[in-house]
Every structure is written in structure tokens, then in C-alpha cells.
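Take a look at the structure below.
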Amino acid sequence: MTDIRYRPSDYRLLPKSNLDRMERNNPYITKIYDYEDWLLPHPDREGFDRKWQRKVQNSSKAHVEIGCGSGRYLMEMARNKPEDTFLGLELRLKRLVLAAKKIKREQLENILLMRERGEYLDDYFETGSIDVLHINFPDPWSKKCRRKHRIFSEAFLEMMFRLFSPKGEIFFKTDHLEYFKSTSELLYNSQLFEIKDFTYDLHQSEFSDQNIKTEFELLFHSKGNPPIGFLRARRIPD
């Protein structure tokens, strides 16, 4: 899937003076290299294949979470489903390091983190190799002129349709209800996915008992209980 936006790079390729200056401003620039077994600090197809295949070889299902933050949701999923394998994508350095630190401490061997954008999943996965996609509270890009940057688009759904196994599923939740409405309409109109579960108020719905809260969700819950849209969509068979 073609995308012209910023993509992470390998900071170790920078001149040492540049790297030292950047590290003074953000120490996580070098800390992301401290968790080799759990974290790929920049896009690297060869490195991904080597690490992912080792984790996924005896796996039941392959999950991907786009925007995994500091890992709360991802880790809970991995604990609940030790037979599955989980890839967490995140761009922010501090969040990745915090997630990797916790994952290493618990020795959750069924998780891999990567600093990469979700739009580039087809650089790493073959057709039919992803079973479940999780997207929780993505940037809604609220202004109309910026909505083209939203993760959900026709091109993204077409890519996921290819990458999904025959019964591949999308789990999506957001507190931005306009984004939730537009995404559900996009899924419906794509004719590639069927919406199986749907609610405009997750915490007051029949799905709340199975819900795993993200860090962002816990923060919002502590400030009240604003409605959160949730849906589960399944790939329509060929």
C-alpha cells in the first residue's frame, strides 16, 4: 500500500554527533535498541521475518495491533491467548520502550513490537497471513482537511482483505463518534467486510464484559464515562 508519510529510520546510521544531540533531547532514541528479542526499532523486512517466523511457527492465530501504545491491551490479549502471536505497531519511542520493558519483564514470548506505520503491513505479511486486526483509539484527524490521514480508507481495507485469512476480523473502538460512524459506513460500503458486532456505547453494551481497556480508555474512564464506539467486522469470503 503506497504512502508518502513519515516512516521511521535507523538512528544508528546517523553521524554520532547528531545521534548524541538527539539523545540528549530524547533518551528513548537509543533505549529502543535494548530489547532485541521483543522490539524492532525501525522498518526491517529481513529482521521482521526472522523474529516473527520464530514466534508464529506454532501459533494458532496471528494478531496485529496498530497503535499499541505502552502495551496494556496487547499484553492482556497475549496473556489470555498464549496459543496466539501478537504484533504491536507503534511510532512513539517512549511508549515502545515502556511496552518492551514490561513484555521483557513478564517474558511474554508471543509478542513482537515494531516501530512502523500500519499502512505498510503488506511490506511484511503475505496474502492470508493475518487473522485479527486491532485498532484502538487511532488519531481521528478531526479537521476535514486532515481526514485523508485516517488509518481507515478504501485502500487500507483492500489491503487488509488481501492479508487476512478467510475469516479475518477487525476489532475497532474509538471515542470519536463521527470517526466511528464514518468507519462503519466505509466497512459496509466496501462489500469486503461484514459488521458482526456494533455499539455506540461500549461500556454500557453487552460487549463490555469482554472488553480489554487500553491506557487511553482507562484515562477517559477516570474522567467520567464518555461513550465509546466499538465494532467487530469479519472478512467476507471470496
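Could you list all residues from the stretch 14-46 that are surrounded by 15 or more Cβ atoms within 10 Å (Cβ to Cβ), assigned to a loop (DSSP other than H, G, I, E, B) and not hydroxyl-bearing (Ser, Thr, Tyr)?
Within the stretch 14-46, TRP38, PRO41, HIS42, PRO43, ASP44 qualify.
Of the residues ILE4, ILE103, ILE29, which is among the hydrophobic types (A, V, I, L, M, F, W, C), at pLDDT 95 or above and farther than 24 Å from SER165 by Cβ? Explain how you work it out, then say what you get.
Numbers: ILE4 fails: at pLDDT 95 or above; ILE29 fails: at pLDDT 95 or above.
The match here is ILE103.
For the list (1) polar (S, T, N, Q); (2) closer than 24 Å to ARG234 by Cα; (3) within 13 Å of the chain's Cα centre (by Cα), I need the number of the one condition that SER70 fails.
(2)
Looking at the stretch 149-168, I want the residues that are at negative phi and of a type in the set (S, T, N, Q) and have a partner that is surrounded by fewer than 17 Cβ atoms within 10 Å (Cβ to Cβ) and at pLDDT 95 or above with Cβ atoms under 6 Å, at least 6 apart or on another chain. Which pairs are those?
Within 6 Å, the pairs are SER165/GLY128.
Buried (at least 22 other Cβ atoms within 10 Å of the Cβ) and more than 15 Å from the chain's Cα centre (by Cα), is that true of ILE111?
In short, no.
Regarding LYS167, is this residue within 24 Å of SER70 (Cα to Cα), among the charged types (D, E, K, R) and either touching a Cys at 6+ places or on another chain (Cβ under 8 Å) or not in a helix (DSSP H, G or I) (or both)? Write out each step before concluding.
Working: within 24 Å of SER70 (Cα to Cα): no; among the charged types (D, E, K, R): yes; either touching a Cys at 6+ places or on another chain (Cβ under 8 Å) or not in a helix (DSSP H, G or I) (or both): yes.
Criteria not met by LYS167.
Within the stretch 47-97, how many residues turn out to be part of a helix (DSSP H, G or I) and more than 19 Å from ASP139 (Cβ to Cβ)? Reasoning before the result, please.
Step one: list which residues in the stretch 47-97 are part of a helix (DSSP H, G or I), which gives 47-56, 72-80, 93-97.
Next cut, more than 19 Å from ASP139 (Cβ to Cβ) only: 47-56, 75-80, 97.
The total comes to 17.
What about TYR120, is it surrounded by fewer than 20 Cβ atoms within 10 Å (Cβ to Cβ) and closer than 29 Å to ILE228 by Cα? Spell out the reasoning first.
On the way: surrounded by fewer than 20 Cβ atoms within 10 Å (Cβ to Cβ): yes; closer than 29 Å to ILE228 by Cα: yes.
Taking the combined requirement at face value, the residue satisfies it.
Are any residues in the stretch 126-161 of a type in the set (D, E, K, R), in contact with a Lys or Arg (Cβ under 9 Å, 6 or more places away or on another chain) and closer than 16 Å to GLY229 by Cβ, and if so, which ones?
ASP139
Within the stretch 195-216, restricting attention to residues that are part of a helix (DSSP H, G or I) and within 21 Å of the chain's Cα centre (by Cα), which residue is surrounded by the most Cβ atoms within 10 Å (Cβ to Cβ)?
Checking each candidate, the answer is LEU202.
Which residue pairs have Cβ atoms under 9 Å apart, sit 6 or more places apart or on different chains, and have a first residue in the stretch 177-191 that is under 15 Å from LYS148 (Cα atoms) and a second that is surrounded by fewer than 16 Cβ atoms within 10 Å (Cβ to Cβ) and of a type in the set (S, T, N, Q)?
Note: pairs meeting the criteria are GLU178/SER142; TYR179/SER142.
Can you find even one residue in the stretch 69-85 that is touching a strand residue (DSSP E or B) at 6+ places or on another chain (Cβ under 8 Å), modelled with pLDDT under 95 and polar (S, T, N, Q)?
no
Scan the stretch 76-87 and tell me whether some residue there is surrounded by fewer than 17 Cβ atoms within 10 Å (Cβ to Cβ), basic (Lys, Arg) and under 14 Å from ILE212 (Cβ atoms).
Looking through the stretch 76-87, at least one residue is surrounded by fewer than 17 Cβ atoms within 10 Å (Cβ to Cβ), basic (Lys, Arg) and under 14 Å from ILE212 (Cβ atoms).
The values are calculated or read from the model by the stated rules, or taken from the named source; none is laboratory data. Please read these numbers as outputs of a predicted model, since none were measured by experiment. Neighbour counts run over all protein chains shown; Cβ positions are idealised from the backbone, glycine included.
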